[in-house]
Amino acid sequence: MSQPTAKPEAKAAGWSVSRWTFLWRILVVFGISAASLCLLLYWTGNLSVFAQLPQIQLSWFLLAALVSAATWVLDALANWFLLRGIGACLPFGWTLSANLAANFVSYLTPFLAGGPPLFIYLLSRKGVSPGSAAMVVTARLTLSAVIFTVLFPIFLALFRQGISLSETWQRILNLPFFLLGALVVLILLFFLWRRSPGSYQRLLAAWPMRILLRRERFAHFWKWFLGELQKMGSAARILFTLGWANLIWAALSIVVYWVAFYSVAPILLDSLAIPHPFLETFLGQAVLNALVSLSPTPGGSGASELGFATLFMTWVPSQFLGLFTALWRFLIYYLTLLAGGACFLFLASRERLFRQARPAHPPET
């Protein structure tokens, strides 16, 4: 009988980190957030946040916490359906734990960049090849981008008459979102139709632009543009290899996830008995979330608090703005950080994610 061989997938994907790295990252995140909230409280002139806590309606606050926790399930559910598309039938409980652990790492790294490598590594420990795991991560990002690009213009078209924002937000809404969404859909369909890798390059190069291609700067830009189109086409083809049923259920999970995510703030406003226009709060959070993702601070700390307060200062009285922002940040960010940290420590003990200290003197043989 042959000896059992080790799984190559576990060796192909490596991921480890020191405990001190996570400790100082957590301290940095808490420090930036605390400084931002203190600045906000000083700006609004109301430092007595704890004295305002009895004014919160507990039932509405618990509902907001429940909706925030529901986003964890919906976020993991989308990945679970995509994993089924590659034939990886993993338990949903494990997928939820791994997804929360990946979110925990994302919230401690700039541009949320640390989560996907950890998620790929954890999948490889379950026997999923790193290539297949990376396919799931790529499909998730592509599906989210397509959904946002397509549904955002539809949302504007249906509810634009009921939206009354400032002049700055009106300028943002005047951008050609419909053209952007249509362009993305057309490009995806184009790459699905042109199966030959070089066929679309020959088609585009045949356009009457040979004179422009003689210029070095334009030729460099054109080469970069074609490379980005190739990546977009590869991502689109990855999506449609996962099966229509899995794609539809994953897309539905993502849509409900964002609806629940953006509903936490309006529910908190209800807990403080503050009247608010739901459409404006929903739309503003969608734009704010896209901008905060570009923040170089871990988890968007600082930018999230100040940007959120700036967005809601139109509807929230100044005496409640600091409390409202702190409650929102706790439910959306720190509650997820605590749950993800617990899952991360649990998986770290099983998968040995932390680097082991090397002995000062290697044992003699």
Please work out if ILE86 is touching a helix residue (DSSP H, G or I) at 6+ places or on another chain (Cβ under 6 Å) and either at pLDDT below 85 or over 21 Å from LEU118 (Cβ atoms) (or both). no
Count - residues of the stretch 348-365 that are at pLDDT below 55 and open to solvent by less than 20 Å² (accessible area, probe 1.4 Å): 0
At pLDDT 90 or above and among the acidic types (Asp, Glu) - does that describe any residue in the stretch 265-281? yes
Looking only at residues that are part of a helix (DSSP H, G or I) and of a type outside the set (A, V, I, L, M, F, W, C) in the stretch 260-275, which one is most open to solvent (accessible area, probe 1.4 Å)? ASP270
Output for the stretch 106-133, where each listed residue is in contact with a helix residue (DSSP H, G or I) (Cβ under 6 Å, 6 or more places away or on another chain), open to solvent by 20 Å² or more (accessible area, probe 1.4 Å) and aliphatic (A, V, I, L, M): LEU112, ILE120
PRO54 fails exactly one of the following numbered conditions: (1) surrounded by fewer than 17 Cβ atoms within 10 Å (Cβ to Cβ); (2) within 23 Å of ILE248 (Cα to Cα). What is the number of that condition? (2)
Counting only residues that are among the hydrophobic types (A, V, I, L, M, F, W, C) and modelled with pLDDT under 85, how many does the stretch 293-347 have? 1
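The values are calculated or read from the model by the stated rules, or taken from the named source; none is laboratory data. All values derive from a computational prediction rather than experimental measurement. For neighbour counting, all protein chains shown are included, and Cβ atoms are generated from backbone atoms with ideal geometry for every residue, glycine included. Only protein heavy atoms, including side chains, enter the accessible area calculation; ligands, DNA and RNA are left aside. Shrake-Rupley method; radii C 1.70, N 1.55, O 1.52, S 1.80 Å.
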